[in-house]
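The values are calculated or read from the model by the stated rules, or taken from the named source; none is laboratory data. Just so we're clear, the structure is a prediction, and the values are computed from it rather than from any experiment. Counting neighbours? That spans all protein chains shown, and the Cβs are built from the backbone with ideal geometry, glycine included.
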Amino acid sequence: MPSEDNTVLKENLRLICGHYRSIADVCRKLGMNRQQFNKYLSGTTVPSQNSLRKMAEFFELDTSDFSLPHQEFSTRLDMLKTRNKTPDAEKSAKKRVRWVPLST
């Protein structure tokens, strides 16, 4: 049975992955196995500290951000999107999260 921590993690991972073309794209960019990543998304498995650190670096978050309540995590992502639109952020845009609009 998934714990509360797993539920928060899976919801937050789903939210941030929703800004990418596909889960497969995220997995390729992270260098993670798709089947294992799907277990994180379903909440059946919690990532190791190493995997969590890798995801945090990729998404430019702190590892603790993944355990924020979902609404706070969403607010944190909105702040990152705003930060990434500033002129100073464009200098290091290659390292930034690529926010892809979701199709409607």
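Identify, by number, the condition in (1) surrounded by 13 or more Cβ atoms within 10 Å (Cβ to Cβ); (2) among the hydroxyl-bearing types (Ser, Thr, Tyr); (3) more than 10 Å from the chain's Cα centre (by Cα) that Thr7 doesn't meet.
Checking Thr7 against (1) surrounded by 13 or more Cβ atoms within 10 Å (Cβ to Cβ); (2) among the hydroxyl-bearing types (Ser, Thr, Tyr); (3) more than 10 Å from the chain's Cα centre (by Cα), the one that fails is (1).
Take the residues in region 3-54 that are of a type in the set (Phe, Trp, Tyr) and assigned to a helix (DSSP H, G or I); name whichever of them is nearest to Thr75 (Cα to Cα).
The selected residue is Tyr40.
Look at Asn38 and say whether it is surrounded by 13 or more Cβ atoms within 10 Å (Cβ to Cβ) and at pLDDT below 95.
So Asn38 does not fit the description; no.
Search region 45-64 for residues that are touching a residue at least 40 places away in the same chain (Cβ under 8 Å) and under 14 Å from Cys17 (Cβ atoms) and pair each with any residue that is surrounded by 13 or more Cβ atoms within 10 Å (Cβ to Cβ) and aromatic (Phe, Trp, Tyr) when their beta-carbon atoms are under 8 Å apart and the residues are at least 6 apart or on different chains.
Met55/Phe66
Given (1) of a type in the set (A, V, I, L, M, F, W, C); (2) under 20 Å from Asp78 (Cβ atoms); (3) assigned to a helix (DSSP H, G or I), identify the lone condition not met by Leu61.
Among (1) of a type in the set (A, V, I, L, M, F, W, C); (2) under 20 Å from Asp78 (Cβ atoms); (3) assigned to a helix (DSSP H, G or I), Leu61 violates only (3).
So Asp65 clears everything in (1) surrounded by 16 or more Cβ atoms within 10 Å (Cβ to Cβ); (2) farther than 15 Å from Val8 by Cα except one condition, right? Which one?
Just one mismatch for Asp65, condition (2).
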